[in-house]
Amino acid sequence: MTISTIDPSEVAKFEAMAAEWWDPQGKFKPLHEMNPCRLDYITSQIAAEFGRELRGPLPFAGLRILDIGCGGGLLSEPMARLGATVVGADAAPRNIPVAEIHAAQMGLTIDYRHTTAEALADAGEQFDVVLNMEVVEHVADPLAYLTACQHLLKPGGLMLCSTLNRNAKSFAMAIVGAEYVMRWLPKGTHDWKKFITPDELYDLIRRAGLDPVDRKGMVFNPLGWSWSLSARDLSVNYVTASVKR
């Protein structure tokens, strides 16, 4: 029997915003603006782990990638364009047709499914890469969820996991700033108590059976209105890489 780690109240939040996934000025504007920074990290880590040359044609051909919590497909589509075989999974059912329609409009073949990490693991699905971006802070049991992600990886596989740090700065920027001042996100999108520090996430990843190998901050510069990767500043948004030995 599958034990799900999804939090129904968290799923409902994203269900309500499903139609806006591909509106760069809508409720997902922060993700659209952060996405190039996320993709820089994701593509460089995959290329390094699997010995791929990003400047070549279809550099991720032959790799099977799972985008868990895929939403409207903001990460699934770039992975498909790079040649990967992509499965996009989301616990919010209204996200799936949005993602499917957009992929079809773009001429991309992506296997979108309304399912969970646990259900995929129970079915014996295996992937070279699991993209686990901005999901772990929304689940009911982070360790059980990350353990399911570990089961989904082939030996030698790579998991990329991003979330939000838990400190006064992240409360000020991700809750007060993003939800109340700038109104980029609906109020209540994030629960600060569910944010996870980098050390806590590394510990959870190890306990789930993976080996953390890298972490970087994703830093917003309000003066240049841009995002960049930082080896030192993990104070708000950050991303990790871990492997299944």
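The values are calculated or read from the model by the stated rules, or taken from the named source; none is laboratory data. Please read these numbers as outputs of a predicted model, since none were measured by experiment. Cβ placement follows ideal geometry from the backbone for every residue including glycine, while neighbour counts extend to all protein chains displayed. Heads up: the accessible areas ignore ligands, DNA and RNA and are worked out on the full protein's heavy atoms, side chains in. Shrake-Rupley method; radii C 1.70, N 1.55, O 1.52, S 1.80 Å.
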Problem - Gaussian network model of the chain, Cα within-10 Å springs - most flexible of E134, E20, E53 - result: E53
Completion exercise
For G69, the residues 5 or more places away or on another chain with a placed amide H closer than 5 Å to its own amide H are A89, D90, A91
Practice task
Take the alpha carbon gyration tensor of the range 91-193, find the square roots of its eigenvalues, order them as a ≥ b ≥ c, and report rounded if a/c is under 1.5; if not, report prolate when a/b exceeds b/c, else oblate.
Solution key: oblate
Problem - Signed unit charges on C-beta, dipole axis of the chain, positive-most listed residue G157, A91, L54 - result: L54
Completion exercise
Extend 7 Å from the Cα of D141 along its Cα-to-C-beta direction; within the range 85-117, residues with backbone N under 18 Å of that point are 91, 116-117
Practice task
Mind giving me the nanometre distance, one decimal, between the label points for D23 and N167, set 7 Å out from Cα along Cα→Cβ?
Solution key: 3.5
Practice task
Report, by chain and number, residues whose modeled amide H sits under 5 Å from the one on L63, excluding near sequence neighbours (fewer than 5 apart, same chain).
Solution key: T85
Practice task
Provide the gained length on full extension for the span R81 to R245, in nm with one decimal, where the gain is 0.36 nm per separating residue minus the Cα-Cα distance.
Solution key: 56.3 nm
Practice task
Starting from the Cα coordinates of the range 35-121, work out the convex hull volume and express it per residue in Å³.
Solution key: 95
Completion exercise
Excluding ligands, DNA and RNA, the carbon-plus-sulfur percentage of the accessible area of the range 1-149 with a 1.4 Å probe reads 57
Exercise for the section: Express in nm, to one decimal, how much length is gained between S228 and T109 on full extension, taking 0.36 nm for each residue of separation and deducting their alpha carbon distance. Expected result: 39.8 nm
Fill in the blank from the handout: Magnitude of the Cβ-charge dipole (Lys and Arg +1, Asp and Glu -1) of the chain about the Cα centre, nearest 20 debye, reported as 460
Handout entry: Helix-derived mean residue ellipticity, 222 nm - over the chain, DSSP H n ≥ 4, -39500 (n - 2.57), to 500
Key = -9000 deg cm²/dmol
Practice task
Report, as a whole number in µm² per second, the diffusion coefficient that Stokes-Einstein gives for the chain at 25 °C and 0.890 mPa s using the Kirkwood radius over alpha carbon pairs.
Solution key: 136
